Amino acid sequence: MNAVWPIATVVVKELYRRKDFYVLFVLTALITLLMGSVTFFHDDRIARYLKELCLLLIWVSTLVIAITATARQLPAEREQRTILPLLAKPVSRGEVVVGKFLGCWLACGVALVVFYLFFGVVSATREHAWPLTNYFQALWLQWCMLAIVVAMSLAGSLVFAAPSSNATIVFLVASAILLVGRHLNTVALTLPEPAQTLVYALYFALPHLELFDLRDLLVHDWAPIAWWAWAAATLYALAYTWVFLLVAWLSFRRRPLV
Amino acid sequence: MDPILNIDNLRVEYRNRELGQGVTVALADLSLRVNAGEVFGFLGPNGAGKTTTIQVLLGFVQPTRGSAQLFGVDVREPTARQRLGYLPELTYYYKFLSAEELLRFYARLFRLARGEAERRIDAILKLVELESARRRPIKTYSKGMQQRVGLAQALINNPDLLILDEPTSGLDPLGRMKVREIIDRLRGEGKTVFFSSHELGEVETACDRVAILHQGQLKVVGPVAALVREHQASLEQVFLRMIGYPPTPTPA
Amino acid sequence: MPSPYLVLVFLLTVCVSLATWLQPHYLAWGGSRTGDGGLLATLLGESRRLFAAQFFFKADAYFHSGFYPTIFDNQIVEKELHMSEESEAARTPRPPEAEARTTQWSPGEDYGFLGSPKDWLDRFSRNFFPSRHTHLEQKSEAREILPWLRLSTWLDPHRVESYTVAAFWLRTRLGRPELAAQLLHEGWRANPDSYEILLALGRIDEENRHDPVRAHNLYALALRKWHRQQDGNAEPDLYTYRELLGHLVLVDEKQGDWAEAVQYLTLLKKISPNPAAIQRQIDEARAKLTPAPGPAPGPP
Ligand SMILES: Nc1ncnc2c1ncn2[C@@H]1O[C@H](COP(=O)(O)OP(=O)(O)O)[C@@H](O)[C@H]1O
Ligand SMILES: [Mg+2]
């Protein structure tokens, strides 16, 4: 696993030399500040709607960054044939998969820290508070969620042929899980028998990305979540990430490169 | 003495994607050995299977049958490539990195110590004459410069075996000369060079031994001088005869 | 190269936020054009009602600190949104929930519409979102729901609830009755026939400006409008009717107009779930009425 770290750093370098992140960050900041400049009933301490908007933009931005950045990694390597000199080095394909994953994930982590700093400053100007534990938990869990998404995109980029269709599929799947994942059990219970078991099975098999969404707790100043739940969610993310990386490795292991 | 590069009964079939099904046999039972210190020319017309052979040696393509070793290690093991340098037929490098960063990245993959890596990067950039452009992103390089980056990355680990896939195709005369110079220099250092080509002039002067491949089959192997003597013809005539040109049956 | 989703999402957000940002300037510049919904509404076209409803729900979610039902939570959401009933809540004291907000989740709490967990995953997931029924406890937090209601009024000026609920919060928790009155007047201009807005305006006069005469006039007007709209209705809005009558009785009592109070109480008794109590009130009012000849000040 010696090659993992160098590969990851090259990925991070690439992502930060492209403009995507800056564009998204500037847009997020701009929209948030624009909305922040509206005063409702001459009260400048109203904070939650702004926090909610800012977090929504952060979630969309980082999801887009994670998926589009990861989905093109391996296809671009193959299209531009940079994979050939890379794999001609004493590097295994597993190391390439893990390195690409790690690079994308770390880049997302850096992006998250920048976004959350901005969020922290925005909400501090309104609420005059720095609930650091809450911020840490929210950032960490969102990062864990992005690990699953990144691994999923990486596996998808090997399973689906075109990188754009892969990005679309992963984006749709991730959004669908975030929106309805939590309710699939409720839906299942309303269905007749064969469908019920199927939907319930899907409910248990899906990676529940919405678990990692602490936005509402953050917006409404709830207390931090229990640390055991935080740790369990981290392990949950780890398990799914591992599964998707395994899928990626299995489909990449024997594949002809050209 | 163990060969540095060993190919045993290698067969590679490509499944045809078209409706007709069936397979293309890119390599049919190829066996080949290259010894340490040799400069070996791997000849064949377009489509003979040269690139396929090299891709098996690098683990890019799984053989249908047979096996191959580098330094006595199966090519499926990444460690087989520790002392190897490879220049692809056609390639591009990470455009967003500079030559220096690219070489540093590859040096890390070979686990070179930092100080040594920097020394080698300086030396190699001098060798391929990219010193003045070393900090510019590769995307600003001309085509010739990009090819020289390719050569530089193949040499970064001071390899004992260098595999070059048509290293001179698409180069201008100056570029070819540079490649030949480098091959000579490596021979002087006692390195092994395995390169494919269909340009016979340079092969004749540069190689100790050659192999001629045609339609996936090995036609002949041996020192250039011995082949010329044996067939009573120039290398070019031998080559043409081996690939069935002129299409009249050749006398034994 | 940013992806197409991003472009879409951001364009939409840019539009809405730009419009939101421009809205106040536009209003200030164009005078009172709230009748047609202003710039924001024009920009969003017909979908604005959907957005307005969405933001109104959002306000309710904020009232519950993020604890809100989705379309999947099959338990029917009370038609009358909870937060607008807070006026009732002022009379019926709630169990103190303040400490629940700082303690961690434990079984047996108030799950509300969520019901008890259906499986382990469900149980586990409730650690990660507001899964307990709470209400805004600190006074200052009430301000947080206002932006959504304000957006709702901009998007759909005919959504009367947005005005009345926002005004309620401004008047009670935030102690800004003048802002509430201003907002209600804006709503009245857009909805001249709304008895709800008149009721809310009347309550500002009654409770904050202590002007029972003006309040009485507003209530009386509201009652006439109520009759015009709800008479002959199969399911009339009795909730507001009861409130109107109740407040009319209160201002009548304040002004000592016991005769009229008895009239309204009689009407109230017909629809009250507790007619006996109303009868007692009627009797009390009558008692004050009979020795009246002395100092009975009639309404002007
Ligand atoms: N990826 C592939 N899929 C199918 N056929 C291939 C593929 N790569 C090479 N071939 C076929 O295998 C044969 C050998 O190709 P190659 O090794 O590239 O030849 P050379 O390098 O000697 O010109 C050719 O007939 C070529 O068409
Ligand atoms: Mg070739």
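The values are calculated or read from the model by the stated rules, or taken from the named source; none is laboratory data. On a predicted model such as this, the values are computed, not experimentally measured, just so you know. Reconstructed Cβ throughout: ideal geometry from the backbone, glycine too, with neighbour counts over all protein chains shown. These accessible areas exclude ligands, DNA and RNA; they are computed on the full protein's heavy atoms, side chains included. Shrake-Rupley method; radii C 1.70, N 1.55, O 1.52, S 1.80 Å.
What do you reckon, is residue C:244 aliphatic (A, V, I, L, M) and modelled with pLDDT of 85 or more? So residue C:244 fits the description; yes. From the list C:174, C:179, C:155, the lone residue that is buried (at least 24 other Cβ atoms within 10 Å of the Cβ) and over 25 Å from residue C:273 (Cα atoms) is C:155. From the list B:63, B:78, the one residue that fits, being more than 17 Å from residue B:195 (Cα to Cα) and more than 8 Å from chain A (Cβ to nearest Cβ), is B:63. Within the option set B:112, B:102, being more than 16 Å from ligand 2 (Cβ to nearest atom), at pLDDT 95 or above and either crowded, with 19+ Cβ neighbours inside 10 Å or facing chain A (nearest Cβ under 8 Å) (or both) holds for one residue only, B:102.
Right, residue C:250: within 23 Å of residue C:180 (Cβ to Cβ), within 21 Å of the chain's Cα centre (by Cα), crowded, with 16+ Cβ neighbours inside 10 Å and free of Cβ contacts under 8 Å to residues at least 24 places away in the same chain or not? So residue C:250 does not fit the description; no. Scanning region B:170-187 for residues that are outside any helix (DSSP H, G or I) and surrounded by fewer than 17 Cβ atoms within 10 Å (Cβ to Cβ) yields B:170, B:172.
Checking each residue in region A:28-49 for being open to solvent by 80 Å² or more (accessible area, probe 1.4 Å), of a type in the set (Val, Ile, Thr) and facing another protein chain (nearest Cβ under 7 Å) picks out no residue at all. Please indicate, with yes or no, whether at least one residue in region A:52-70 is charged (D, E, K, R) and either within 22 Å of residue C:144 (Cβ to Cβ) or more than 14 Å from chain B (Cβ to nearest Cβ) (or both). Yes, there is a match, as at least one residue in region A:52-70 is charged (D, E, K, R) and either within 22 Å of residue C:144 (Cβ to Cβ) or more than 14 Å from chain B (Cβ to nearest Cβ) (or both). Scanning region B:9-19 for residues that are more than 14 Å from chain A (Cβ to nearest Cβ) and open to solvent by 70 Å² or more (accessible area, probe 1.4 Å), we see that the one that is farthest from ligand 2 (Cβ to nearest atom) is B:19. Scanning region C:113-142 for residues that are open to solvent by less than 30 Å² (accessible area, probe 1.4 Å) and modelled with pLDDT of 80 or more yields C:117, C:119, C:121, C:122, C:124, C:125, C:126, C:127, C:128, C:129, C:130. Set side by side, the residues A:195, A:176 differ, and just one is over 17 Å from the mean Cα position of the chain (by Cα) and of a type in the set (A, V, I, L, M), which is A:195.
Just wondering, is there one or more residues in region A:180-189 that are more than 12 Å from chain C (Cβ to nearest Cβ) and either under 30 Å from residue B:54 (Cα atoms) or part of a helix (DSSP H, G or I) (or both)? Within region A:180-189 (the criterion being more than 12 Å from chain C (Cβ to nearest Cβ) and either under 30 Å from residue B:54 (Cα atoms) or part of a helix (DSSP H, G or I) (or both)), the answer is no, since none of the residues qualifies. Just so you know, in region B:188-206 the residues that are open to solvent by less than 10 Å² (accessible area, probe 1.4 Å) and more than 16 Å from ligand 2 (Cβ to nearest atom) include one that is nearest to residue B:239 (Cα to Cα), and it is B:206. Across region A:9-27, the qualifying residues are those that are assigned to a helix (DSSP H, G or I) and within 11 Å of chain B (Cβ to nearest Cβ), and the one among them that is most open to solvent (accessible area, probe 1.4 Å) is A:17.
Here is a yes/no grid of residues against (1) in a helix (DSSP H, G or I); (2) more than 15 Å from the chain's Cα centre (by Cα); (3) within 14 Å of chain C (Cβ to nearest Cβ); (4) surrounded by fewer than 20 Cβ atoms within 10 Å (Cβ to Cβ):
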{"position": "A:221", "(1), (2), (3), (4)": "no, yes, yes, no"}
{"position": "A:225", "(1), (2), (3), (4)": "no, yes, yes, no"}
{"position": "A:240", "(1), (2), (3), (4)": "yes, no, yes, no"}
{"position": "A:246", "(1), (2), (3), (4)": "yes, yes, no, yes"}
{"position": "A:250", "(1), (2), (3), (4)": "yes, yes, no, yes"}
{"position": "A:257", "(1), (2), (3), (4)": "no, yes, no, yes"}
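The residue list B:89, B:77 contains one member that is within 16 Å of ligand 1 (Cβ to nearest atom) and open to solvent by 50 Å² or more (accessible area, probe 1.4 Å), which is B:89. With respect to (1) away from ligand 1 (no atom under 16 Å from the Cβ); (2) in contact with a helix residue (DSSP H, G or I) (Cβ under 8 Å, 6 or more places away or on another chain), the lone exception for residue B:35 is condition (2). The one condition from (1) away from ligand 2 (no atom under 16 Å from the Cβ); (2) at negative phi that residue B:232 does not meet is (2). For region B:24-51, filtered to residues that are more than 10 Å from ligand 2 (Cβ to nearest atom) and among the β-branched types (Val, Ile, Thr), the residue that is surrounded by the most Cβ atoms within 10 Å (Cβ to Cβ) is B:34. Of the numbered criteria (1) open to solvent by 10 Å² or more (accessible area, probe 1.4 Å); (2) under 19 Å from the mean Cα position of the chain (by Cα), the one residue A:154 fails is (1). Within region B:140-182, the residues that satisfy the criterion of being touching a strand residue (DSSP E or B) at 6+ places or on another chain (Cβ under 9 Å), within 16 Å of ligand 2 (Cβ to nearest atom) and in contact (Cβ under 8 Å) with a residue 60 or more places away in the chain are B:150, B:163, B:164, B:165, B:166, B:167, B:169.
If the condition is being open to solvent by 30 Å² or more (accessible area, probe 1.4 Å) and away from ligand 1 (no atom under 16 Å from the Cβ), then region B:142-169 contributes B:142, B:143, B:144, B:145, B:146, B:147, B:148, B:158, B:160.
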